[in-house]
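Scroll down for the structure; my scribbles are underneath it.
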Amino acid sequence: MNYTTLVSAAILQQNLDNPDWIIVDCQFSLNNADAGGYAYRHGHIPHARYAHLNLDLSSALTGYNGRHPLPDFRALAKKIADWGISNQSQVLVYDDANGVFAGRLWWLLRCLGHTNVAVLDGGLSYWRQQGLPVTTTLPDIKPAPFRAYLDSTNWLTAQAVQNRLAQKNICLIDARTPERYRGQQEPIDPIAGHIPGALNRPFQLNLAGNGLFLSAQQLQAQFQALIAKTAAEQVVHYCGSGVTACHNLLAMEHAGLRGAKLYAGSWSEWISDKNRAIAVINTIINR
């Protein structure tokens, strides 16, 4: 059986020693880029290798391409092979933040044509709560052949977002908290607000109180209420830097609403160009 959205802790436990399963730890902290690697070395799921958000899953900053620009996909494909992932592997990704960072690698692998990738439901926190094993032993990794099939239709550029908003043929959804969306609070980026025309769906709404994802039926009902008659393929998600928006993409896929896109540069890229308007609460500002 192939898993393409979520995997439970019980299913992963059953497949811990399955040679066809490759586990990747994506722990990270936006406040301390070294914290994830430190946490990994001090306790991770057995056989997991580590992927660093900044170094492995993003490219260099230019000041105009957002805080977490898309990686060089050729370089990423080589890293995937070096992690022992082949085109036949079942990949399981996790973090300690309810899938926020693991969702980025889940989405990137899908962009490279690898759909047999799933996020651990509840992440490392829930895994630990269930008394399941963690280790400090680093895995013995054997590189595997991996052939990438890049599909650039999975994301939109800033210009494409502008054009399609003007044409009114996309539903743009902001995954940040309501306070950041409204422009009342901005702890990370230099300018507060949101892209004019965007709706708000904080990624935290995808989760139940125990940190597990809501059921597929619940997620489907909630997203359909938000996007109304818009087809899933016309939905575009964004956030601060193109990371947490992948959580909403994962939730929609799990709900059977397939084909939504990512505005990869997201808010941090959008505000780098003063010619792009922003909205604060209900007011559009042309800078």
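Positive-end ranking of Leu138, Val235, His68 along the dipole of the chain, with charges on Cβ about the Cα centre, is headed by Val235.
Taking every DSSP helix (H) stretch of at least 4 residues in the chain, weighting each as -39,500 (n - 2.57) and dividing the sum by the residue count yields a mean residue ellipticity at 222 nm of -7500 deg cm²/dmol. A straight Cα-to-Cα reach below 26 Å connects Lys142 with the lysines Lys78, Lys79, residues fewer than 8 places away in its own chain not being considered. Most simply put, the chain has about 20% antiparallel DSSP beta bridges, counting only bridges with both residues inside it. Histogrammed with a bin width of 5 Å, the alpha carbon distances of segment 68-135 distribute as 4, 16, 24, 23, 17, 11, 5, 1 percent, first bin at zero.
As a proxy for reagent exposure, ranking Ser29, Ser241 by other Cβ atoms within 10 Å from fewest up yields Ser29, Ser241. Distance between the pseudo-spin-label points of Ser8 and Asn286 (7 Å out from Cα toward the beta carbon): 5.5 nm. Among Gly103, Ser272, Pro46, which residue has its Cα furthest toward the positive end of the charge dipole of the chain, with +1 on Lys/Arg Cβ and -1 on Asp/Glu Cβ? Going by the Cα projections, it comes out as Ser272. Only the Cβ atoms of Lys and Arg (+1) and of Asp and Glu (-1) were treated as charged; on that basis the dipole of segment 152-285 about its Cα centre amounts to roughly 300 debye.
Mean silhouette area of segment 82-192, derived from the convex hull of its C-alpha atoms and averaged over all directions, reads 10.6 nm². Counting only Cβ charges, +1 for Lys and Arg and -1 for Asp and Glu, the dipole size of the chain around its Cα centre is about 700 debye. Using a Gaussian network model of the chain in which every pair of alpha carbons under 10 angstrom is joined by a spring, one finds that among Gln217, Gln204, Gln234 the greatest mean-square fluctuation is at Gln217. Mean separation of Cα pairs under 8 Å and 6 or more residues apart, divided by the residue count, gives the chain a relative contact order of 21 percent. For the chain, the calculated P(r), taken from all Cα-Cα distances in 5 Å bins from zero up to the bin holding the longest distance, is 1, 6, 13, 17, 19, 17, 13, 8, 4, 2, 0, 0 percent.
Annotation: aspartates and glutamates with alpha-carbon distance below 16 angstrom to Lys168 (same-chain offsets under eight excluded): Glu233.
Just so you know, all these numbers are worked out from the coordinates, no wet-lab data involved. For clarity, every value in this text was computed on a predicted model and none was experimentally measured. Here the Cβ is made from the backbone with ideal geometry for all residues, glycine too, and neighbour counts use every protein chain on show.
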